[in-house]
Amino acid sequence: MIVINCRRLLFFVLFFPSFNSLAQLSRLDSLKKNIELASSINSRLSATLTFCGEWESFSADTLYKYALTAKQTAITKKNSDALLLSDYYLAAYLFQKNKLDTALKAIDGVIARSAKRTSYSNTYAKFWLLRANILMRTSDYEEVLKQDLNLLTLAEQNHDSVGMIRFNTSIGNVNLRLKKIEEALQWHYKAIALMKTDSLKGTCVLFL
């Protein structure tokens with residue numbers, strides 16, 4: 001228990017400047033305003049997807065509303081990239097609603113489509129991370145470790161710092177669930193060591 005508390009204190013001290021709920025609300029308001037002010041269908045679609053990217057900060061029903069709108073627009077505009085992202089956010093909605101079997105099937109479909117387009121990208125990694133979160137909630141820790149270790153290797157090969165931070169953190173979280181505290185800390189310290197800039201800290205703090 002002391003080790004876990006020390007870990008939490010360390011993260012709080014390192015990243016306290018990044019936690020600002022008022023700033024987050026202001027950001028969400030600004031992103032919604034961008035949707036309203038969009039001057040074209042394409043710019044509105046882009047703004048809607050950007051807003052959906054903050055889905056962990058608002059309700060499932062809000063996510064569903066905007067993700068569905070984005071999907072309908074993506075279909076109309078025949079924008080395959082936007083359609084893929086829209087389906088990812090709809091899978092995230094299912095995850096938020098705790099419809100885990102359906103969410104897993106949905107994200108597996110997104111990943112399969114994405115794999116036909118690229119062997120690795122930041123977006124591709126994001127899809128896998130949602131899959132890991134779904135599996136974590138079902139306590140399938142072995143599968144999460146398997147996929148995260150493979151993806152960590154891919155992130156390293158592609159020099160993706162954000163991906164490396166994400167997967168190190170995810171592996172650490174699995175070890176915490178397995179009550180392997182020292183091993184969990186080692187993975188989390190690796191993630192922290194990769195946060196060499198304020199930009200990376202701001203982007204990745206919520207993974208911890």
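Quick look at the values:
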| quantity | calculated |
| --- | --- |
| Subset tally (residues that are under 14 Å from the mean Cα position of the chain (by Cα) and open to solvent by less than 60 Å² (accessible area, probe 1.4 Å)) for segment 112-134 | 12 |
| Those residues of segment 152-175 which are touching a residue at least 12 places away in the same chain (Cβ under 8 Å), over 14 Å from the mean Cα position of the chain (by Cα) and either within 23 Å of residue 96 (Cα to Cα) or in a helix (DSSP H, G or I) (or both), in sequence order | 152, 154, 155, 157, 161, 171, 172, 173, 174, 175 |
| Any hit, segment 51-59, residues being of a type in the set (Asp, Glu) and in contact (Cβ under 8 Å) with a residue 12 or more places away in the chain | yes |
| Subset of segment 135-149 (residues that are surrounded by fewer than 15 Cβ atoms within 10 Å (Cβ to Cβ) and within 18 Å of residue 161 (Cβ to Cβ)) | 149 |
| Segment 25-41, subset open to solvent by 90 Å² or more (accessible area, probe 1.4 Å) and over 18 Å from the mean Cα position of the chain (by Cα), residue farthest from residue 71 (Cα to Cα) | 25 |
| Test: residue in segment 85-108 that is of a type in the set (A, V, I, L, M), more than 17 Å from the chain's Cα centre (by Cα) and surrounded by fewer than 18 Cβ atoms within 10 Å (Cβ to Cβ) | no |
| Only one of 165, 181, 171 that is within 19 Å of residue 121 (Cβ to Cβ) and open to solvent by less than 70 Å² (accessible area, probe 1.4 Å) | 165 |
| Leading residue by the ranking (nearest to residue 123 (Cα to Cα)) among those in segment 38-81 that are basic (Lys, Arg) and part of a helix (DSSP H, G or I) | 71 |
| Residue match in segment 43-51 (condition: closer than 15 Å to residue 110 by Cα, within 19 Å of the chain's Cα centre (by Cα) and open to solvent by less than 80 Å² (accessible area, probe 1.4 Å)) | no |
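Rundown of residues vs (1) over 30 Å from residue 69 (Cβ atoms); (2) in contact with a helix residue (DSSP H, G or I) (Cβ under 6 Å, 6 or more places away or on another chain), yes/no style:
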position: 89; (1), (2): no, yes
position: 98; (1), (2): no, no
position: 108; (1), (2): no, no
position: 111; (1), (2): no, yes
position: 124; (1), (2): no, yes
position: 130; (1), (2): no, yes
position: 135; (1), (2): no, yes
position: 148; (1), (2): yes, yes
position: 157; (1), (2): yes, no
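The values are calculated or read from the model by the stated rules, or taken from the named source; none is laboratory data. Everything numeric here is computed off the predicted structure, so don't read it as measured data. Please note: Cβ atoms are built from the backbone with ideal geometry, for glycine as well, and neighbour counts cover all protein chains shown. In case anyone asks, the SASA skips ligands and DNA or RNA and just uses the protein heavy atoms, side chains included. Shrake-Rupley method; radii C 1.70, N 1.55, O 1.52, S 1.80 Å.
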